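Questions regarding the structure given below will be posed in turn.
We did not get these values from a lab; they are worked out from the coordinates using the rules stated. Everything numeric here is computed off the predicted structure, so don't read it as measured data. In this analysis, Cβ positions are derived from the backbone assuming ideal geometry, glycine residues included, and neighbour counts consider all displayed protein chains.
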Amino acid sequence: MKNLFPNVLLFPALIALSACAASAPVASSNTAAPDTARRGPATAAPEDLSRYRPVFTAPKPTALAPGAGPKTVVTPTNQVNAQIEQRLRDQAFTNQNVKYAQGFRILAYVGLEREQAMAIRRAIISRYPEETDYLTFRQPVYRLWVGDYLTRLEAEQAMLRLRPLAPKAELEPTQVLLNKTTF
């Protein structure tokens, strides 16, 4: 019984090997291995294909007539009608009432210490007085936001300027106030 178990495993393996050996191609002794060396470019094409290629003739240059000069441009008049002007005025009036937009603010400080938040705020305001700051307290955390930026690019540039003053500053997308004087 002990000798039967290895024989049972050995017999199917022997059959599988013999089946693979019989299906392999037999190489004759006088046949050499195929030549795989790269040769130079072929010297002649097997047939001439030039008769199938299209031939284009160059266009003949035409001389301008002596009396023909550049055409005069007619400027349009009344190209904007009254309805479009009224809609533009309505849109401008609506835009005057918009006070907020999606933008970015720099979160300069988050922590428990009011003194540290005020120190960072004073440092930022003293160096960059044009920046607006927002200090909030939601117990027990103080948060200091700086700036109202409409694009991420503006916010990233300002954050690079503020990095020495607030090393842990990060950007936050939020609603920002629109400054109408800059437009």
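State which residue pairs qualify: first residue more than 16 Å from residue 175 (Cα to Cα) and inside region 85-114, second residue surrounded by fewer than 10 Cβ atoms within 10 Å (Cβ to Cβ) in any location, beta carbons under 7 Å apart, and separation of 6 or more residues or different chains.
112/140
Another one. From the set of residues in region 115-155 that are loosely packed, with under 12 Cβ neighbours inside 10 Å and among the polar types (S, T, N, Q), which is nearest to residue 174 (Cα to Cα)?
By that ranking, first place goes to 151.
Here's a check for you: in region 128-160, which residue that is outside any loop (DSSP other than H, G, I, E, B) and polar (S, T, N, Q) is farthest from the chain's Cα centre (by Cα)?
Of everything passing the filter in region 128-160, 136 is farthest from the chain's Cα centre (by Cα).
Looking at 166, 158 in this structure, which one is surrounded by fewer than 20 Cβ atoms within 10 Å (Cβ to Cβ) and among the hydrophobic types (A, V, I, L, M, F, W, C)?
Testing whether each residue is surrounded by fewer than 20 Cβ atoms within 10 Å (Cβ to Cβ) and among the hydrophobic types (A, V, I, L, M, F, W, C) leaves just 166.
Mind listing whichever residues of region 161-183 are in a loop (DSSP other than H, G, I, E, B) and touching a Lys or Arg at 6+ places or on another chain (Cβ under 8 Å)?
165, 169, 178 - these are the residues of region 161-183 that are in a loop (DSSP other than H, G, I, E, B) and touching a Lys or Arg at 6+ places or on another chain (Cβ under 8 Å).
Taking region 92-114 on its own, how many of its residues are surrounded by 14 or more Cβ atoms within 10 Å (Cβ to Cβ) and among the charged types (D, E, K, R)?
Residues flagged as surrounded by 14 or more Cβ atoms within 10 Å (Cβ to Cβ) and among the charged types (D, E, K, R) within region 92-114 amount to 1.
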